[in-house]
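I have placed the structure first, in the form of structure tokens, so that the comments after it can refer back to it.
All of the numbers you see were taken from the coordinates with simple rules; none came from a lab. Here the structure is a predicted model, which is why all the values come from computation and not from measurement. Cβ sites come from the backbone with ideal geometry, for glycine too, and all protein chains shown count toward neighbours.
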Amino acid sequence: MSRLSVELPGLHLKNPVMPASGCFGFGREYSQFFNLDVLGAIMIKATTPEPRFGNPTPRVAETSSGMLNAIGLQNPGLAKVINEELDWLSGYDVPIIANVAGSQIADYVKVASNISKVGNVKALELNISCPNVKEGGIAFGTVPEVAKEVTKAVKEVSSVPVYVKLSPNVSNIVEMAKAVEDGGADGLTMINTLVGMRLDLKTGRPILSNKTGGLSGPAIKPVALRMIYEVSQQVSIPIIGMGGIASAEDVIEFFYAGASAVAVGTANFVDPFVCPTIIEELPNLLDELGFDHISQCTGRSWKQNEAVANYRA
Amino acid sequence: MIKKETMKVLTHKELAPSIFELTLQGELVSEMKQPGQFVHVKTTEGNEPLLRRPISISSYNSSEKQFTMIYRAEGKGTTLLSQCKQAEGVDILGPLGNGFPVHEANKGETALLVGGGIGVPPLYQLSQMLVAKGVRVIHVLGFQTKSAIFYEKEFSKLGDTYIATVDGSYGTKGFVTTVIDKLDTEFETIFSCGPTPMLKALEAGYREKKLYLSLEERMGCGIGACFACVCHTGDDPNGFSYKKVCSDGPVFRAGEVVL
């Protein structure tokens with residue numbers, strides 16, 4: 001067994017590194033750079049029941065060590081994603097995590113029940129945290145009771161395990177995590193983007209046509225680490241961590257915080273080879289740090305406290 | 001095929017205030033097939049700025065494995081780029097996008113090449129390739145003011161070259177359309193690159209010609225994955241059809257996409 005392999009609900013990952021939803025399309029563009037088989041999994045772009053065009057441009061704005069995006073869940077709709085994109089991806093030996101979005105619970109249910117029946121879809125990522133759509137999205141991810149309700153509804157119809165993608169735009173992330181765990185979530189993915197804004201120096205107007213957008217990239221890494229650290233100690237379901245990961249060192253840091261696998265987002269835009277590069281570098285880093293298997297890193301940040309506490313007791 | 005390579009700086013000089021000409025060498029040049037393609041440039045190591053900068057290719061030489069780009073140092077990224085020196089390495093992803101269809105202009109025909117400001121550079125490679133196949137070229141280049149003009153001599157060697165400046169400090173006072181309206185010659189094809197208002201004016205005035213426009217848009221990945229640079233299509237202006245400026249364009253036939 002490889003020292004990078006990870007077992008999670010529904011997912012037998014050859015390594016714990018996967019591209020994050022929205023940063024990798026449906027994989028076609030990146031397949032011209034490397035064989036997608038090397039990836040642990042692929043989180044495909046959010047899918048809604050009907051096609052969506054998304055927001056007007058400008059849809060991206062740069063920030064210090066990060067970027068804002070307000071794409072607006074552009075996607076070709078459930079039918080095309082299943083018939084064209086997932087069919088194309090089935091040519092690869094890589095599990096797919098389908099990101100499910102919508103503007104009402106019925107949308108989530110429709111996408112989840114259909115897309116979870118597709119052979120290569122091994123898990124769902126419930127997107128209740130997109131900050132860039134007028135209806136739905138983040139509205140489901142900031143009220144614990146609502147998040148629990150949509151999780152339950154999707155769990156009832158899904159044929160595969162359900163991971164819920166948490167929004168960092170809440171005052172109590174642990175409360176949100178516990179609510180979706182109560183709702184039956186098999187795992188968590190965190191964090192989605194932080195709502196932010198940039199203004200044009202000359203016009204004084206927001207740069208993004210949507211005015212606000214989701215902040216991603218290295219700038220949000222400390223926020224993600226803190227939230228995973230807090231949540232992983234309070235829930236018993238695994239976490240796929242994300243938020244500014246761009247190197248093998250970042251991956252280990254996320255594991256230390258409490259993640260069991262990771263997703264790489266914005267870094268794919270900077271370096272299309274970033275995922276295979278990280279996967280290649282991880283074994284050497286494990287050697288350097290003295291670990292036989294990457295799973296030993298999960299929760300090291302707080303498990304050490306526990307060990308000390310137990311010893312003292 | 002798109003490659004990522006640290007390319008070597010051969011020459012780097014300021015052509016006009018804040019306008020730089022950078023010539024790089026590397027294997028990636030062998031992949032350049034069309035004028036009007038672009039490269040995605042990491043202007044510095046590290047995260048500040050984080051994203052690459054899309055910059056058009058102004059000319060390339062496959063046998064020498066070198067290409068030139070001309071850019072304006074305006075923001076943080078391009079200003080950092082402007083400081084790189086001879087023999088240093090620059091992280092390039094490319095070539096990207098689909099360029100100008102040289103085959104649309106036939107030998108013996110006349111092509112009008114219309115550029116505005118920092119949209120002028122990709123027309124240089126295009127002009128060379130058109131001239132090489134026996135197409136007569138006429139250049140109409142617009143700039144803000146006299147000091148901002150670059151490559152007038154280079155373009156003049158390839159064909160008639162008319163300059164317009166907004167403030168009238170050189171050439172015709174006004175816009176490129178001011179010049180074109182007065183042109184006393186026939187042409188079959190227009191190839192253009194420049195600010196959107198200029199492209200819109202050309203589209204409104206010369207739709208009956210074979211008109212190709214190179215668009216500019218803020219980009220994330222540059223390869224078609226992030227959906228940052230999406231535009232509506234001409235035959236479905238309010239629907240779900242779309243084109244990506246980075247990977248479907250940046251050059252489109254007039255009317256193909258909504259400007």
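With an 8 Å Cα cut-off and a minimum separation of 6 or more residues, compute the relative contact order for chain B in percent.
The value is 17 percent.
Under 8 Å for C-alpha pairs, at least 6 residues apart: give me the relative contact order for chain A, rounded to a whole percent. Please list the in-between numbers first.
Working: 719 pairs, mean separation 57.6, N = 313.
Computed value for chain A: 18 percent relative contact order.
Using θ = phi - 60° and the Karplus curve 6.51 cos²θ - 1.76 cosθ + 1.60, what whole-Hz ³J(HN,Hα) does each residue of segment A:31-39 get, with Gly and Pro shown as x?
5, 7, 9, 7, 6, 4, 4, 6, 6
Let's test the formula: R0 of 22 Å, r as the Cβ-Cβ distance of B:SER62 and A:GLN32. What FRET efficiency results, to the nearest 0.05? Write down the numbers at each step before the final one.
Numbers: r = 21 Å, r/R0 = 0.94.
Between B:SER62 and A:GLN32 the formula returns 0.60.
Can you compute the modelled spin-label distance between B:THR196 and A:ASN120, with each label point 7 Å from Cα toward Cβ, in nm?
3.6 nm
How about segment A:35-125: which trypsin sites (Lys or Arg not before Pro) there lie in a loop by DSSP and see at most 14 other Cβ atoms within 10 Å?
For trypsin sites (Lys or Arg not before Pro) across segment A:35-125 that sit outside H, G, I, E and B with at most 14 neighbouring Cβ atoms in 10 Å, the list reads A:LYS117.
By counting other Cβ atoms within 10 Å of each Cβ, how are A:LEU215, B:LEU80 ranked from fewest to most? Before the final figure, lay out each step's value.
On the way: A:LEU215 26, B:LEU80 16.
Listed from fewest to most nearby Cβ atoms, that is B:LEU80, A:LEU215.
What spacing in nm lies between the two simple spin-label points modelled at B:GLN25 and A:TRP302, each 7 Å away from Cα in the Cβ direction?
Calculated label separation equals 5.7 nm.
Roughly how big is the protein assembly as shown's charge dipole about its Cα centre, with Cβ charges of +1 (Lys, Arg) and -1 (Asp, Glu), in debye to the nearest 20?
On the way: 53 positive and 60 negative charges, 171 e Å.
For the protein assembly as shown, the charge dipole is close to 820 debye.
Beyond a 24 Å Cα-Cα separation, which of these cross-linked pairs lie in this structure: B:LYS4/B:LYS133; A:LYS122/A:LYS148; A:LYS122/A:LYS303; A:LYS122/B:LYS3; B:LYS182/B:LYS209; A:LYS80/A:LYS117? Display every interim value, and only then the final one.
Details: B:LYS4/B:LYS133 31 Å; A:LYS122/A:LYS148 22 Å; A:LYS122/A:LYS303 30 Å; A:LYS122/B:LYS3 32 Å; B:LYS182/B:LYS209 17 Å; A:LYS80/A:LYS117 15 Å.
Those over the limit are B:LYS4/B:LYS133; A:LYS122/A:LYS303; A:LYS122/B:LYS3.
Quick one: of the DSSP bridges fully inside the protein assembly as shown, what percent are antiparallel, nearest 5? Walk me through the numbers before you get to the answer.
Numbers: 56 of 106 bridges.
Antiparallel bridges make up about 55 percent of those DSSP assigns within the protein assembly as shown.
Too long at a 23 Å Cα-Cα cut-off: which of A:LYS202/B:LYS153; B:LYS76/B:LYS243; B:LYS200/B:LYS244; A:LYS152/A:LYS178?
On the way: A:LYS202/B:LYS153 34 Å; B:LYS76/B:LYS243 29 Å; B:LYS200/B:LYS244 18 Å; A:LYS152/A:LYS178 13 Å.
Correct reply: A:LYS202/B:LYS153; B:LYS76/B:LYS243.
Does segment A:6-312 come out rounded, prolate or oblate, given a ≥ b ≥ c as the square roots of the eigenvalues of its C-alpha gyration tensor, rounded meaning a/c under 1.5 and, failing that, prolate meaning a/b above b/c?
Here segment A:6-312 falls in the rounded category.
Provide a whole-number value for the mean count of partner chain Cβ atoms within 10 Å of the Cβ atoms in peptide A:266-277. Spell out each step's value before the answer.
Details: counts 6, 2, 5, 12, 11, 5, 8, 2, 0, 0, 0, 0.
Whole-number average of other-chain Cβ neighbours for A:266-277 is 4.
Mind telling me which of B:PRO95, B:PRO197, B:PRO35 comes out most flexible in a GNM of chain B, alpha-carbon contacts under 10 Å?
Result: B:PRO197 has the largest fluctuation of those listed.
Quick check: Cα centre of segment B:23-56 to Cα centre of segment A:151-223, how many Å?
Taking the Cα centre of segment A:151-223 as reference, the centre of segment B:23-56 is 32 Å away.
Going by C-beta contacts inside 10 Å, put A:ILE138, A:ILE97, A:ILE115 in order with the fewest on the left.
Numbers: A:ILE138 20, A:ILE97 29, A:ILE115 23.
Ascending Cβ contact count within 10 Å gives the list A:ILE138, A:ILE115, A:ILE97.
Within 10 Å of each Cβ in A:50-63, how many Cβ atoms from other chains are there, averaged over the peptide? Write out the running numbers ahead of the final one.
Values: counts 1, 4, 1, 9, 5, 2, 3, 8, 4, 9, 10, 3, 10, 3.
Counting Cβ atoms of other protein chains within 10 Å of each residue's Cβ and averaging gives 5.
Amide H of B:TYR151 versus every other amide H placed in the peptide plane: which residues, excluding those fewer than 5 positions away on the same chain, fall under 5 Å?
Sorted by chain and number, the residues that satisfy this come to none at all.
Restricting to bridges with both residues inside segment B:112-172, how much of the DSSP beta-bridge set is antiparallel, in percent to the nearest 5?
Values: 0 of 12 bridges.
DSSP beta bridges in segment B:112-172 are roughly 0 percent antiparallel.
Under a plain spin-label model, where a point goes 7 Å from the Cα along Cα-to-Cβ, how far apart in nm are B:ASP235 and A:SER90?
2.9 nm
Taking H as built 1.01 Å from N, whose amide H comes closer than 5 Å to the amide H of A:LEU199, not counting residues under 5 places away?
A:ILE207
Under 5 Å between amide H atoms, partner at least 5 residues away or on a different chain: which partners does B:LYS3 have, H built in plane at 1.01 Å?
Placed amide hydrogens put B:GLY94 under 5 Å from B:LYS3.
Averaged across A:12-25, how many Cβ atoms of other chains sit within 10 Å of each residue's Cβ atom? Working shown, then result.
Values: counts 0, 0, 0, 0, 0, 0, 0, 1, 0, 0, 3, 4, 3, 6.
For peptide A:12-25, the averaged partner shielding equals 1.
Could you give the distance between the Cα centres of segment B:81-152 and segment A:248-310, to the whole Å?
Cα centroid to Cα centroid, the span is 46 Å.
Suppose R0 equals 41 Å; then what is the FRET efficiency for A:LYS202 and B:THR185 from their Cβ-Cβ distance, rounded to the nearest 0.05?
Numbers: r = 39 Å, r/R0 = 0.94.
After rounding to 0.05, the efficiency reads 0.60.
Give me A:GLU125, A:GLU50 sorted ascending by neighbouring Cβ count inside 10 Å, so fewest comes first. Before the final figure, lay out the partial values.
Details: A:GLU125 24, A:GLU50 13.
Fewest-to-most Cβ neighbours within 10 Å comes out as A:GLU50, A:GLU125.
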